[in-house]
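Enquirer: The structure follows.
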Amino acid sequence: MNEYANTSSPVTGVRKAVVPVAGLGTRFLPATKAIPKELLPVVDRPAIQYVVEEAARAGLDDLLLITGRGKDAIEDHFDAAPYLEERLAADGKDALLAEVQHATEVAEVHAVRQGNPKGLGHAVLRAREHVGDEPFAVLLGDDLIDADEPLLERMLEVQRTRSATVVALLEVPEDRAHLYGVAAVEPTEEADVVTITGLVEKPPAGTAPSNLAVIGRYVLRPEIFDVLEQTEPGRGGEIQLTDALQTLASDASIAGPVLGVVYTGRRFDTGDKLEYLKTVVTLASERDDLGPAFNAWLAERAQQ
Ligand code: UTP
C-alpha cells in the first residue's frame, strides 16, 4: 500500500462523514446572529469539535462540512493558526498548544456551501460530489453523543452487515415527540435494531407512530442522493431528509431496508437553550480538572 491508498475504516469501509452546519440556529437567537450555534462552547471547546472527534473515533477521518454564510469561523477552527501556535510555543504554553493543534489533526476537514439553507435534505444533497458512490455517515453538528456510550460504531456495523440505511433512534416522552422525526417500527432479531416502516417529521401531538425519535446520526447509502433530488419541499417548505428516508422505507427495492439503532446512552441537543445549559453543566461536572470545584459550587447553590 502506498501512502495514498484507501484508508477505509477497518470496521465498515465507510470513510466519509458529512456534517451539515448551514442551518440558521433560530432557536438560539440572538447568540447565533453572528456566531454559528456549532461554535457555542461546551465547557471549553466548541460543540462541533465533539462531533468531529466522535466521527474520527469511529474511523471516519474524511469530513465534509456543509456550511453557509456566516459560518466561516467553523472552518477556521479546524484550520492551522500559525501565529497563535507560535505565540503559545514561545510562551511555553504546551498544553494549550496541543489543544489548539488537536483540532487541526483530528480529521481532514473539507467544506462546501449550501447556498440557500433549504433544509437538511438539501444540505445532504450538496455532499453528492464529495461522497461519490459509497455509503457515508451524516452527523448533525449540534447533536452530541456521550463518548462513553458509542453509537456511530454500532450503526456502521449494522450498515456493513445488513447493507442497510441506518438511522439513530432515541426513546422520547410522548409529549416531546412532536419536536422530532418519529419512526414506525417493527422488531428484528437484534434487540437494539428495528426495521423502520415509516417516518413522519414533527407529527402533530397525539399522532406519533411510536416514541422512537430520529436523532442526528445517519449512515446512508448513495442511492439517497437520487431520492433527495426528487423529494419535494415538505414541512416548513424545506427539503426534509426524513421525507427521503420515508421514500426508502416504503420501498426496499430502492436501496434495501431502513433500519433504526435504538440508542440508550446520553444525547445532548446543544441547539436548544435549555438542553444546551444542561449539557454544559453535565459535562463540566464530569471533568477531572473542573468537576470537583464546579460540583462543590453547584451543591452550595442548590442549598440557596
Ligand atoms: P435544525 O433544524 O436543528 O437547525 O437542523 P437550524 O435550522 O439551524 O436550527 P433552528 O431550528 O433554526 O434553531 C438540523 C441540522 O441541519 C443543519 C443544521 O445546521 C443542523 O445541524 N441544516 C439545517 C443545514 O445544514 N441546512 C439547512 O438548510 C437546514
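FYI, it's all coordinate maths here, none of it is from the lab. Source: prediction; values computed, not measured. FYI the Cβ positions are ideal-geometry reconstructions off the backbone, even for glycines, and counts take in every protein chain you see.
Enquirer: Once R0 is set to 22 Å, what does the formula 1/(1 + (r/R0)^6) return for the Cβ-Cβ distance between Asp175 and Leu24, expressed as a FRET efficiency to the nearest 0.05?
Expert: After rounding, the FRET efficiency stands at 0.25.
Enquirer: Can you compute 3J(HN,Hα) from phi for each residue in segment 284-295, using the Karplus curve 6.51 cos²θ - 1.76 cosθ + 1.60 with θ = phi - 60°, rounded to whole Hz and x for Gly and Pro?
Expert: Running phi through 6.51 cos²θ - 1.76 cosθ + 1.60 with θ = phi - 60° gives 5, 5, 9, 6, 4, 7, 9, x, x, 5, 5, 5 Hz.
Enquirer: Tell me, what ³J(HN,Hα) does each residue in segment 205-222 have, in order and in whole Hz, if you take phi through Karplus 6.51 cos²θ - 1.76 cosθ + 1.60 with θ = phi - 60° and put x for Gly and Pro?
Expert: 3J(HN,Hα) across segment 205-222, in whole Hz: 3, x, 10, 5, x, 6, 9, 9, 9, 7, 10, x, 9, 9, 10, 10, 8, x.
Enquirer: Enumerate the amide H contacts of Lys16 below 5 Å, restricted to partners 5 or more residues apart or on another chain; note that Pro and chain-start residues carry no placed amide H.
Expert: For Lys16, the qualifying residues are Ala137.
Enquirer: Check the straight Cα-Cα distances from Lys118 and name the aspartates and glutamates below 15 Å, setting aside those fewer than 8 residues away within the same chain.
Expert: Cross-link targets: Glu229, Glu232, Glu238, Asp243.
Enquirer: If the only charges are +1 at each Lys and Arg Cβ and -1 at each Asp and Glu Cβ, what is the size of the charge dipole of the chain around the Cα centre, to the nearest 20 debye?
Expert: My answer is approximately 880 debye.
Enquirer: Connecting C-alpha atoms closer than 10 Å in a GNM of the chain, tell me which of Ala183, Ala111, Ala191 has the biggest fluctuation.
Expert: Comparing Ala183, Ala111, Ala191 in the GNM, the peak value goes to Ala191.
Enquirer: What does the C-alpha gyration tensor say about the overall shape of segment 201-304? Classify as rounded when a/c is under 1.5, otherwise prolate if a/b is larger than b/c, or oblate.
Expert: The shape class here is prolate.
Enquirer: Right, something else. Counting Lys and Arg as +1 and Asp and Glu as -1, what is the net charge of the other residues whose Cβ lies under 12 Å from the Cβ of Asp133?
Expert: -1
Enquirer: Past 25 Å, Cα to Cα, is the threshold; run Lys33/Lys278; Lys93/Lys273; Lys71/Lys93 against it and keep the listed order.
Expert: Cα-Cα > 25 Å for Lys93/Lys273; Lys71/Lys93; rest within.
Enquirer: Sort out for me the Cα centre separation of segment 26-48 from segment 198-216, rounded to whole Å.
Expert: 27 Å
Enquirer: Same structure again: Rounded to whole Å and sorted largest first, list the principal axis extents of the Cα atoms in the chain.
Expert: 61, 60, 38
Enquirer: Please label the shape of segment 139-274 as rounded, prolate or oblate, based on the square roots a ≥ b ≥ c of the eigenvalues of the alpha-carbon gyration tensor (a/c under 1.5 means rounded; beyond that, a/b larger than b/c means prolate, else oblate).
Expert: Rounded shape, in that the Cα axes give a/c under 1.5.
Enquirer: For Lys16, which aspartates and glutamates qualify as cross-link partners when the Cα separation must be under 13 Å and same-chain residues fewer than eight apart are set aside?
Expert: Output for Lys16: Glu54, Asp61, Asp62, Glu108, Glu129, Asp133, Glu134.
Enquirer: Among Val14, Val52, Val112, which one shows the biggest mean-square fluctuation in a GNM of the chain, springs joining Cα atoms closer than 10 Å?
Expert: The residue with the greatest mean-square fluctuation here is Val112.
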